[in-house]
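Inspection log for the structure reproduced underneath, given as structure tokens.
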Amino acid sequence: MTHRSGRHFLQIPGPTNVPERILRAMDFPTIDHRGPAFGAMAREVLHGLKGIFRTDGPVVIYPASGTGAWEAALVNTMSPGDRVLMFETGHFATLWRQLAERLGLEVEFVPGDWRRGVDPGALEARLAEDRDHTIKAVCAVHNETSTGVTTRIAELRQAIDRTSHPALFFVDTISSLASIDYRHDEWGVDVTVAGSQKGLMLPPGLSFNAVSAKAQAAAETARLPRSYWGWQEMLTANAKGFFPYTPATNLLYGLGESIAMLTEEGLDNVFARHARLAEATRRAVRAWGLELLCIDEREYSNSLTAVLMPAGHDADAFRKATLEAYDMSLGNGLGKVAGKVFRIGHLGDFNELMLAGTLAGVEMGLTAAGVPHETGGVQAALDFLSGQGGRNQRDTELQDSLAL
Ligand SMILES: *Cc1c(COP(=O)(O)O)cnc(C)c1O
């Protein structure tokens, strides 16, 4: 390996760049996780997390990747053979479905074209048909990280309410929490699944379940086997700031710092920053003459942008050229869109100049890989960010709506 000077650009949509403040906050001795100093630290973190999920209820923390929290949501609330309704929005929805089937659940998987989010109308129609209430849970991925499409969760809640269907509502926010507006309580979500390595700016290794009272009640009668993932043992120990098994102590130090940083910036400002950087990215993509995978502008993701490659060009060859020439990692196409799309991560600890560097790397990488494109993408993004592009009515409205 030769030495590469300067900073590597990690622009995959998770794990994201871990800020210095969080790295420093983790760089402390691991303490006795049954001692008083730990209990005080953990109680503060558990309390602070509620604000990030926008819930008054408990948030369970697992020393696990996001996949573990998917499993936890299901094994705590479901019984063997229960029917769950899921939607094929992309690769992550497909993986969650596979996990549910392996647990012995009966999954009804509504097909999709990987360019749209969950359709509230389709959800409403399916639930209205289910008069015997055989569907026990509705599962949706808020931000589909494989496609750059964000489902409108509040509208799904309204759709469920219009049918008065009693199904539990589970939402994967692994790549949206602390990047895109999300409200566990207000949107009547029963289990919110999240992870540490995306919007929370932490290394991988923690995942979360925010749990409603209805989900806790369901856990009392659910019959899927569970041990490591059991909420009850967690909640009992958490009440005093402890865990039923060894927690990831140093990641919890980092989580405390993450919550402090998000609180200092203000969650609404965090969301507006992500919206602004995402819009600048989309302007760059359009100026390059490339196509976004997401086709409905109400569903554009603010945490990442998935870009379709021109026909005959391989996204992975382009990513390889960009990594070699400019030391930047971009996200690959997953599952059905492998080789066909690349993904620009713009979530977490990120700002205008980091985005400018990222987009410059993409524009130069397109040239390096011989991908046909127009120049001027970086300029279009800079014009938007510096307000120069904001002179027409649509831009003014957009800037107002993003509270710029
Ligand atoms: C990253 C991601 C996952 C998987 O999380 P792991 O930590 O890799 O287990 C699941 N869902 C979404 C939406 C993701 O972005």
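Of note:
- Residue selected from region 178-208 under the condition crowded, with 24+ Cβ neighbours inside 10 Å and in contact with a His (Cβ under 7 Å, 6 or more places away or on another chain), by the criterion nearest to T67 (Cα to Cα): T192
- Criterion: in contact (Cβ under 8 Å) with a residue 40 or more places away in the chain and not polar (S, T, N, Q) - qualifying residue of G35, G6: G6
- Boolean, L123 is among the hydrophobic types (A, V, I, L, M, F, W, C) and either touching a Gly at 6+ places or on another chain (Cβ under 9 Å) or more than 29 Å from D268 (Cβ to Cβ) (or both): no
- Wholly within region 1-120, strands (runs of 3 or more DSSP E) carrying at least 1 residues that are more than 16 Å from the ligand (Cβ to nearest atom) and aliphatic (A, V, I, L, M): 59-62, 83-87, 106-110
- Residue match in region 282-296 (condition: among the β-branched types (V, I, T) and surrounded by fewer than 18 Cβ atoms within 10 Å (Cβ to Cβ)): yes
- Filtering region 304-328 to residues that are part of a helix (DSSP H, G or I), within 11 Å of F342 (Cβ to Cβ) and of a type in the set (D, E) leaves only D316.
Results for (1) over 26 Å from D190 (Cα atoms); (2) at pLDDT below 95; (3) away from the ligand (no atom under 16 Å from the Cβ); (4) not in a helix (DSSP H, G or I), shown as yes or no for each residue.
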site: A215; (1), (2), (3), (4): no, no, yes, no
site: T246; (1), (2), (3), (4): yes, no, yes, yes
site: T263; (1), (2), (3), (4): no, no, yes, no
site: R282; (1), (2), (3), (4): yes, no, yes, no
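The values are calculated or read from the model by the stated rules, or taken from the named source; none is laboratory data. Here the structure is a predicted model, which means the values were calculated and not measured. Methodologically, a virtual Cβ is constructed for each residue, glycine included, from the backbone with ideal geometry; neighbour enumeration extends over all protein chains shown.
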